[in-house]
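Since the structure comes first, as structure tokens, the remarks are kept for the end.
The values are calculated or read from the model by the stated rules, or taken from the named source; none is laboratory data. Predicted, not measured: the structure shown is a model, and the values here were computed from it. Glycine also receives a Cβ, built like all others from the backbone with ideal geometry; neighbour counts cover every protein chain displayed. The area values use the complete protein model at the heavy-atom level, side chains included, leaving out ligands, DNA and RNA. Shrake-Rupley method; radii C 1.70, N 1.55, O 1.52, S 1.80 Å.
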Amino acid sequence: MSNDYIRPSAHWSPKKRHPHRFRLPKFPKIRLPRIRLPKHFYRQAFLAVLILIAAGSLFSLAAFAWVSRDLPNPNALMTRDVAQSTKIYDRTGEHLLYEIHGNKNRTLVPLEGIPDIVKQATLAVEDQQFYKHKGFNPFRIVVGLVWGTITKGRPQGGSTITQQLVKNAILSDERSITRKFKELILSIAIEQRLTKDQILQLYLNEIPYGSTNYGVEAASEAYFNKHVKDLNLAEAATLAALPKAPSTYLNNPDKLDARRDLVLALMFNEGHITEQQKIDAQAAEVTIVQKADSGIVAAHFVFYVKEQLESEAFGFDERQVEEGGLKVITTLDYDKQLIAEEAIKNGIAAKGDAYGFNNAALIALDPKTGQVL
């Protein structure tokens with residue numbers, strides 16, 4: 001083969017390569033008229049902006065003052081009277097005979113009496129930035145508004161734990177722009193007056209957990225028949241899952257299990273539990289027991305005690321008995337009570353038909369003191 005190669009012509013040029021290529025026509029240059037700004041334009045524009053800012057600030061201050069005119073005092077949150085259930089016990093103070101309450105069943109517990117797993121589960125699902133924000137989380141508010149717009153429902157997930165405390169303990173559950181503004185103002189004020197631990201303690205004792213159960217202790221006793229300090233991880237996550245929609249989850253065990261698993265996953269993501277703890281708790285079977293008011297021991301005796309509390313001898317009125325958080329130790333011997341009830345039941349079964357009766361009564365007294373045993 002020849003080593004020759006094709007050389008470009010000495011007369012070659014890019015212009016001659018495409019002699020018929022398309023060329024854009026030349027348009028005449030258009031000159032825009034010169035805009036002459038009036039004298040002192042920039043000074044006037046600057047003054048106009050200042051006036052708008054001042055007017056906006058005055059309007060905001062006026063709106064703030066108008067909304068704040070009838071706000072409750074956030075300082076009273078720690079000292080107000082909170083409805084608590086009255087509990088009637090046997091003579092040992094260990095066996096609960098009956099719990100008297102109005103429309104809110106509540107037992108207050110200090111924060112140190114609530115296990116870490118309950119606090120961590122609650123923070124993981126309700127407000128992961130609780131110890132970082134100052135009462136509200138702008139990001140969550142925006143996300144909640146966007147989600148509400150997408151789903152064409154009401155905004156979701158925008159409230160911090162502080163805001164939820166304000167809604168449950170101070171304000172009504174009304175849904176309006178004014179109430180939301182009040183909630184925001186009070187949340188900021190409370191964050192300035194109380195520590196984060198104080199706010200969390202109030203929240204865990206205030207939040208509704210379904211039915212008449214308010215606070216973690218009342219809910220734990222009602223649904224698991226144990227004190228909150230004795231809950232295991234799966235039960236703690238289940239309890240934290242309830243406040244979002246208590247009735248829905250209590251009536252739909254599958255949905256409650258799914259939300260409990262979500263709480264456990266969030267706890268794992270936050271580093272509160274190990275992956276194995278998460279797997280074990282998600283696999284655990286948790287039984288919710290909804291105790292009815294009929295779960296009462298020694299009914300006649302208990303209502304006799306309630307009557308005595310409201311008598312002149314003790315001087316408590318009905319509201320104090322239902323909401324005063326009294327702990328009443330009675331003379332009843334729990335073990336003897338169970339024996340007496342069994343004896344009555346057997347006596348009716350053995351002789352009721354023969355003697356024509358289907359009910360009976362028994363009372364045992366201490367002959368030395370007259371105490372009802």
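Tabulated data
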quantity: Proximal aspartates and glutamates relative to residue 244, as straight alpha-carbon distance under 15 Å, when same-chain residues fewer than 8 apart are discounted; calculated: 126, 127, 173, 206, 257, 261
quantity: Phi to ³J(HN,Hα) by Karplus 6.51 cos²θ - 1.76 cosθ + 1.60 over the stretch 313-318, Hz, x for Gly, Pro; calculated: 4, 9, x, 8, 8, 4
quantity: The stretch 194-238 - percent of accessible surface contributed by carbon and sulfur, probe 1.4 Å; calculated: 46 percent
quantity: Charge context of residue 122, other residues only, Cβ under 14 angstrom, K/R +1, D/E -1; calculated: -3
quantity: Ranked packing of 338-346, 42-50, most packed first, by mean Cβ within 10 Å; calculated: 338-346, 42-50
quantity: Pairs beyond 30 Å (Cα-Cα), from 180/278; 180/306; 119/306; 306/336; calculated: 180/278; 180/306; 119/306
quantity: Shape call, the stretch 266-349: gyration tensor on alpha carbons, a/c limit 1.5; calculated: oblate
quantity: 10 Å binning of all Cα-Cα separations within the stretch 310-367, expressed as whole percents from 0 upward; calculated: 18, 29, 26, 21, 7
quantity: Label-to-label distance, nm, for residues given as residue 46 and residue 312 (7 Å Cα→Cβ offset); calculated: 8.4 nm
quantity: Segments 208-214, 221-227 sorted - mean Cβ within 10 Å per residue, highest first; calculated: 208-214, 221-227
quantity: Backbone HN-Hα couplings from phi across the stretch 296-310 [Karplus 6.51/-1.76/1.60, Hz, Gly and Pro as x]; calculated: 10, 9, 6, 4, 4, 5, 4, 6, 5, 4, 4, 4, 5, 4, 8
quantity: Whichever aspartates and glutamates have a C-alpha closer than 14 Å to that of residue 229, once near sequence neighbours (fewer than 8 apart) are set aside; calculated: 112, 116, 217, 221
quantity: ³J(HN,Hα), Karplus 6.51/-1.76/1.60, whole Hz, each residue of the stretch 112-117, x for Gly, Pro; calculated: 5, x, 9, x, 4, 5
